[in-house]
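The values are calculated or read from the model by the stated rules, or taken from the named source; none is laboratory data. What you are looking at is a predicted structure, and each value in this text was computed from that prediction instead of being measured. Reconstructed Cβ throughout: ideal geometry from the backbone, glycine too, with neighbour counts over all protein chains shown.
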Amino acid sequence: MRNRALAIPYVVWMALFVIAPLILIVIYAFTAKDGGVTLSNFSNMGQYFPAFRHSFVLAVIATLICILIGYPLAYFLSKESVMVRKVAMMLIMLPMWMNFLLRTYAWMSLLDDNGLINQFLGSIGLFDLINGIFGTNLTCFHMINTQGAIILGMVYNFLPFMIMPIFSVIDKIDPKVIEAAQDLGANNTMVFRKVIFPLSLPGVLSGVTMVFIPSVSTFALSRLLGGGKTLLLGDLIEMQFLGNAYNPHLGSAIALVMMVIVLVCMAIMNRFGEGEEGVAVL
Amino acid sequence: MKKTLALLLTTALALGLSLTACGGTTSGTASTPGTESKGEVNVYNWGVYIDESVLDEFTAQTGIKVNYDTFESNESMYGVLKNDGASYDVVIPSDYMISRMIEEDMLEPLDFANIPNFSDIDPALKNPDYDPENLYSVPYMWGLLGIIYNTTLVSETPTSWATMFDAQYSGQILMFNNSRDALGVALKYLGYSYNTTDEAQIKEATDLLIKQKPLVQSYVMDEIFEKMQSGSAAIGAYYYGDYLTMADVNPDLAFCLPEEGTNLYVDAMCIPKGAENKANAEAFINFMCSTAVGTANVEETWYSSPLLSVREELDPEVSEDPYAYPDEELLAKCESFKNLPQETLTLYDGEWTRLKLASN
């Protein structure tokens, strides 16, 4: 009973700030401007299919890159001394102390055609070298306002959310398990493949969740780094609230469909994880 | 179970109450100790649109604390007000948005007895189309839209909106990142009215924007300052006042008033329905219309002032600038945005989505 009492503030918090908004979204999604119940918000969803596809493709790519960078980093970090780990963790967390928008603005001035990176490459004579060899007329690498820049923004902003869970899971693997594998004659590759990797999967799964969900729903990145030339789901939803027509009903419906798709993705992924260990990431 | 639910509801209620109580105390203790508290005024204005020191000046003169927030498009401001997400006492939307808000009963009629400085407003800007009886709004700034270009990056001097669609400037063009302004550029180029409700014309304009999309470097709002000043873009459509600010940083920039005509906008101060500090809001509006404050704001933003006394105060170089204070002939070529009917607004959003989703 005492435990229950302790849970009340948390339950109230959840009810007010998670459940209630969710219910509001559902109500909005199924009503029309005049207040009547309708499915019309969903029936026209087909025209936004490209936005859905595009958001999911970019988010999947960003998540994969985060695994490729984050997993080895977390793995090697777990082998380092306590001091190195602390410093490394600090450095990984440090950018997150700054505002998301500020970090993105910084990338804008880095990636610009006249930006710091291109200025640097120009000043060390890289473009002259390339032009000399290939006979091209290159003055800069075009990086800003591309799909690549959007993915870069996602990876940069959400990478810590991949490293952290993987690191904490690998770090907790009992060294005795690894020793036992080695005693049984497994070489380093086999130890990793048969012991460490399966045991670290729960961390990877929660990392994937924590990177994929914010990536798929991000909205400022495509405008700031992608030059506003693509419409991602986040932008599409924002437009329903801050655009000309002001249609929170359609916005809620799109948000709801997105949530359902993400939920299904996560459920399928957890099914994969269950084979290894009964993890529930959601 | 019922007990738990009851407890839950009571706690929620208590939490809600304590939150409101908190809200009350913050506003009460907000003023600096020593000065007598005269309450506050919540102002919602465009970004980069004021000399911020005048806000402190207002507090010093009246003891009223100013809470100042900014928005970046009329539509986002409308969304915030409509959502009841925040309560503001003074908002500064543009002409067409004001008429929409009047139609939707979102504005409070002003008590002009509290705004004596209204007499200084240029009579040409009184009783405008968007507020025919001038009950709800006091003009703050106005100006013209045009093409800003970098003289070192263009081969010929632009004279028409056609420059915005010229393939030789591929990757160098900046376009508005909102449907009304972006479609406006295309509509004017095609020779149509900004306020057309003809579906075929609007679709034709969108088709033109889709063709233009590969040439566009990026769709921007205030990001245009940085991009034009640094020379990373050659051409962009924006306002004359902003051009003056940009040209201050980068003297290579020049301004063109397209021959097809352009947009004349007026941004005016209004009080949203249900504002809690209406008297303070009127005091603030009156303050903004004083000669000294109006001059300070012009010298910061370089937009055109509706105040006659400010025009006299300004350097003749500014007050006789034909683009800042255009003559009748020029004005005749300009058109203002009007509020569009709901089905046209929905069409705009649909067409804008079509443009943004177009891949080429």
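Determine, yes or no, whether B:Asp84 is modelled with pLDDT of 95 or more, out of contact with any Ser or Thr (no Cβ under 9 Å at 6 or more places or on another chain) and of a type in the set (Asp, Glu). For B:Asp84, the condition - modelled with pLDDT of 95 or more, out of contact with any Ser or Thr (no Cβ under 9 Å at 6 or more places or on another chain) and of a type in the set (Asp, Glu) - is not met. Under the condition of being buried (at least 18 other Cβ atoms within 10 Å of the Cβ), over 16 Å from the mean Cα position of the chain (by Cα), among the polar types (S, T, N, Q) and assigned to a helix (DSSP H, G or I), the residues counted in region B:269-308 number 3. Scan region A:56-92 for residues that are farther than 18 Å from A:Ile173 by Cα and of a type in the set (Asp, Glu) and the total you get is 0.
Can you name the residue in region B:48-72 that is in contact (Cβ under 8 Å) with a residue 12 or more places away in the chain and among the β-branched types (Val, Ile, Thr) and is also nearest to B:Tyr243 (Cα to Cα) among such residues? Of everything passing the filter in region B:48-72, B:Val48 is nearest to B:Tyr243 (Cα to Cα). Filtering B:Asn339, B:Asn297 for residues that are among the polar types (S, T, N, Q), touching a Ser or Thr at 6+ places or on another chain (Cβ under 8 Å) and within 14 Å of chain A (Cβ to nearest Cβ) leaves a single hit, B:Asn339.
Would you confirm whether any residue within region B:181-199 is part of a loop (DSSP other than H, G, I, E, B) and within 18 Å of B:Lys356 (Cα to Cα)? First the steps, then the outcome.
Step one: list which residues in region B:181-199 are part of a loop (DSSP other than H, G, I, E, B), which gives B:190-198.
Then keep just the ones that are within 18 Å of B:Lys356 (Cα to Cα); that gives none.
Looking for residues that are part of a loop (DSSP other than H, G, I, E, B) and within 18 Å of B:Lys356 (Cα to Cα), one finds none in region B:181-199, hence no.
In the set A:Ile117, A:Ile133, A:Ile163, only one residue is over 17 Å from A:Ser215 (Cα atoms) and in contact with a helix residue (DSSP H, G or I) (Cβ under 8 Å, 6 or more places away or on another chain); that residue is A:Ile117. Checked against (1) buried (at least 21 other Cβ atoms within 10 Å of the Cβ); (2) in a helix (DSSP H, G or I); (3) in contact with a Phe, Trp or Tyr (Cβ under 7 Å, 6 or more places away or on another chain), A:Asn244 meets all criteria but (2).
For region B:53-122, give me every one of the helices (runs of 4 or more DSSP H) that falls completely inside it and has 2 or more residues that are of a type in the set (Val, Ile, Thr) and more than 14 Å from every other protein chain (Cβ to nearest Cβ).
Values: elements: B:53-62, B:74-82, B:95-103.
Result: B:53-62, B:95-103.
Exactly one residue out of A:Ile61, A:Ile67, A:Ile117, A:Ile92 is among the β-branched types (Val, Ile, Thr), touching a Leu at 6+ places or on another chain (Cβ under 7 Å) and surrounded by 13 or more Cβ atoms within 10 Å (Cβ to Cβ), and it is A:Ile117.
Scanning region B:190-237 for residues being at the interface with another protein chain (Cβ under 9 Å from one of its Cβ atoms) and farther than 16 Å from B:Met175 by Cα gives a total of 1.
Of all the numbered requirements in (1) within 14 Å of another protein chain (Cβ to nearest Cβ); (2) at pLDDT 95 or above; (3) surrounded by fewer than 22 Cβ atoms within 10 Å (Cβ to Cβ), B:Leu183 misses one, and that requirement is (3).
Of everything in region B:123-140, what is farther than 18 Å from B:Ser99 by Cβ and modelled with pLDDT of 95 or more? Give them in sequence order. Residues satisfying the conditions do not exist here.
Quickly run through region A:95-114 and pick out the residues that are assigned to a loop (DSSP other than H, G, I, E, B), of a type in the set (S, T, N, Q) and surrounded by 12 or more Cβ atoms within 10 Å (Cβ to Cβ). Scanning region A:95-114 gives a single hit, A:Asn114. Taking the criterion of being buried (at least 20 other Cβ atoms within 10 Å of the Cβ), part of a loop (DSSP other than H, G, I, E, B), of a type outside the set (Lys, Arg) and within 21 Å of the chain's Cα centre (by Cα), would at least one residue in region A:185-205 satisfy it? No, region A:185-205 contains no residue that is buried (at least 20 other Cβ atoms within 10 Å of the Cβ), part of a loop (DSSP other than H, G, I, E, B), of a type outside the set (Lys, Arg) and within 21 Å of the chain's Cα centre (by Cα). Going by the structure shown, is A:Tyr28 among the aromatic types (Phe, Trp, Tyr) and touching a Ser or Thr at 6+ places or on another chain (Cβ under 8 Å)? Taking the combined requirement at face value, the residue satisfies it.
The number of residues in region B:328-360 being without any contact (Cβ under 8 Å) to a residue 24 or more places away in the chain, assigned to a loop (DSSP other than H, G, I, E, B) and buried (at least 18 other Cβ atoms within 10 Å of the Cβ) comes to 0. Restricting attention to region A:230-239, the residues that are at the interface with another protein chain (Cβ under 8 Å from one of its Cβ atoms) and of a type outside the set (A, V, I, L, M) total 2. Test B:Ser218 against the criterion of being assigned to a loop (DSSP other than H, G, I, E, B) and in contact (Cβ under 8 Å) with a residue 12 or more places away in the chain, and give yes or no. It is false that B:Ser218 is assigned to a loop (DSSP other than H, G, I, E, B) and in contact (Cβ under 8 Å) with a residue 12 or more places away in the chain.
Residue count for region B:37-56 satisfying the condition of being in contact with a Phe, Trp or Tyr (Cβ under 8 Å, 6 or more places away or on another chain) and surrounded by fewer than 16 Cβ atoms within 10 Å (Cβ to Cβ): 3. With respect to the conditions (1) closer than 17 Å to B:Asn42 by Cα; (2) without any contact (Cβ under 8 Å) to a residue 60 or more places away in the chain, B:Met106 falls short on a single one, namely (2).
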